[in-house]
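Asker: The structure that follows is given in the form of C-alpha cells.
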Amino acid sequence: MSRMRQLEIRTRRMVDDSLAGAYHSVFKGRGMDFAEVREYSPGDEVRTIDWNVTARAGKTFVKKYTEERELTIFLLVDISASGNFGTGGRPKRDFAAELASLLAFSAIRNSDKVGLLLFTDRVERFLPPKRGRRHVMRVVRDVLCFEPHGVRTDTIKALDSANRILHRRAIVFLISDFAARGDSPAARAQLRRALRQTTLRHDVIAVQVEDPRERELPNVGIVALEDAESGEIVELDTGSAEVRRRFAAVARERGAHLVSDCRAEGVDTLQLRTDQPYLPALRRLFKQREHRRA
C-alpha cells in the first residue's frame, strides 16, 4: 500500500504539472457528438445547417457539436521473468508500473476508461476498462504486485487476446522489454502479423523498457549471464573490447528492427531506459502525434 500510494502521488503530480494538456491534445476522442442547434451566424459552415429546424422555425439554424470523449486506454503489460531484472535497484517491472500509473491517471483525469491485460506466455490478469481512481489503483496494484504463473513471454498471444477481448476501439499501450521476441525473420514476421491485425481496430503504441546493462556491458572480466525466462547460462569475457562491442551492436540492431517493424505496421514506438527519465520522451511522442493530427 505504501508503494502504491507513493506511486500515485508521484505520477499524479506529473500528470497535473506536465502531461495533462499533452494527453488531451493527442487523444481527443473518436469524433463529434451532436449537442444542440443555434441560430445561424455569419461564418458558420453551410454543411452544419439543420434544414428540418430551419424549415419549421422560418430562420436558419445550425447544428452545434461537442467533442466525443468516450475513449479507452488499454494497458498491455509484460510481467514475465525478464522484467525482474534491474541494475541500480530499479527492476524493469517497477519502471513499467510507474509508466502505466502515469498513463492511467492521465486517462481518468480526462474521463477516459482504463483497462489492463497482464501477460507472460499466457494471459495472467484482465481488468475490463472502467473509470475512477479506485479502479486505477487496482490497475497499479496488479502491475506492481501480481504474481504470474508463467515466466516466458508471448507477445503474439497477448495481442491476439486483446483483439478478442476489446470490442470497441482503444488506445493500446504495449509495454514490454521485447526481450524474448527473437530477431529471426520468422519471429519478426509473426510480430508484424499480430501488430497488423491489432491496428486494424485499435491505435497501438509499443513501449520498450530496457535496463542499461542490456545495451552495454561493463568491463568486469568473465561473467555468467542467465536468461531469466529460459534458464540458459552464457559466459562472456567482458574484458574483451570486441565482446563488448559486439554485444552493444546486437542490442542496437534488435532495437532498430523493433522500431522498423512497428513503423511498417503503423505503430508508434517509445524506447525507454530505466536509468533515464521517461517523461520528456513521452511528451515528444505526444507532440509528434499531435502534429500528425493537425
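Asker: Inside the stretch 144-168, can you point out the residues that are surrounded by fewer than 18 Cβ atoms within 10 Å (Cβ to Cβ) and among the hydroxyl-bearing types (S, T, Y)?
Answerer: Answer for the stretch 144-168, where residues must be surrounded by fewer than 18 Cβ atoms within 10 Å (Cβ to Cβ) and among the hydroxyl-bearing types (S, T, Y): just S161.
Asker: A further question follows. Let me spell it out: the conditions are (1) more than 15 Å from the chain's Cα centre (by Cα); (2) modelled with pLDDT of 85 or more, and G115 meets all of them except one. Which number is the exception?
Answerer: G115 satisfies every listed condition except (1).
Asker: Select from the stretch 260-270 the residues that are buried (at least 16 other Cβ atoms within 10 Å of the Cβ) and not hydroxyl-bearing (S, T, Y) and write down the one among them that is farthest from R188 (Cα to Cα).
Answerer: Within the stretch 260-270, the match that is farthest from R188 (Cα to Cα) is L270.
Asker: Quick check on this structure: which one of A251, A228, A189 is free of Cβ contacts under 8 Å to residues at least 60 places away in the same chain, more than 15 Å from the chain's Cα centre (by Cα) and not assigned by TED's automatic domain parsing to the domain that holds G115?
Answerer: None of the other options fit; the residue is A251.
Asker: Return the only residue of R141, R56 being at pLDDT 90 or above, surrounded by fewer than 17 Cβ atoms within 10 Å (Cβ to Cβ) and not in a loop (DSSP other than H, G, I, E, B).
Answerer: Criteria check complete, one pass: R141.
Asker: Would you confirm whether any residue within the stretch 148-155 is among the acidic types (D, E) and free of Cβ contacts under 8 Å to residues at least 24 places away in the same chain?
Answerer: no
Asker: Check whether at least one residue in the stretch 274-290 is in the same structural domain as V15 (by TED's automatic domain parsing) and part of a strand (DSSP E or B), and report yes or no.
Answerer: no
Asker: Between V223, V209, which is closer than 25 Å to I73 by Cα and surrounded by 13 or more Cβ atoms within 10 Å (Cβ to Cβ)?
Answerer: On inspection, the qualifying residue turns out to be V209.
Asker: Something else about it: May I ask you to list the residues in the stretch 199-228 that are in a helix (DSSP H, G or I) and out of contact with any Phe, Trp or Tyr (no Cβ under 9 Å at 6 or more places or on another chain)?
Answerer: T199, P212 - these are the residues of the stretch 199-228 that are in a helix (DSSP H, G or I) and out of contact with any Phe, Trp or Tyr (no Cβ under 9 Å at 6 or more places or on another chain).
Asker: Suppose we keep only residues that are part of a loop (DSSP other than H, G, I, E, B) and under 23 Å from S80 (Cα atoms) within the stretch 229-239. Which one would you say is modelled with the highest pLDDT?
Answerer: That would be E232.
Asker: Can I ask one more? Identify, by number, the condition in (1) among the aliphatic types (A, V, I, L, M); (2) closer than 24 Å to L200 by Cα; (3) over 18 Å from the mean Cα position of the chain (by Cα) that V151 doesn't meet.
Answerer: (2)
Asker: Could you list, in sequence order, all residues of the stretch 139-170 that are aliphatic (A, V, I, L, M) and more than 24 Å from S106 (Cβ to Cβ)?
Answerer: V151, I156
The values are calculated or read from the model by the stated rules, or taken from the named source; none is laboratory data. Since the model is a prediction, treat every value here as computed from it, not as a measurement. Every residue, glycine among them, receives a Cβ derived from its backbone with ideal geometry; neighbour counts consider all protein chains shown.
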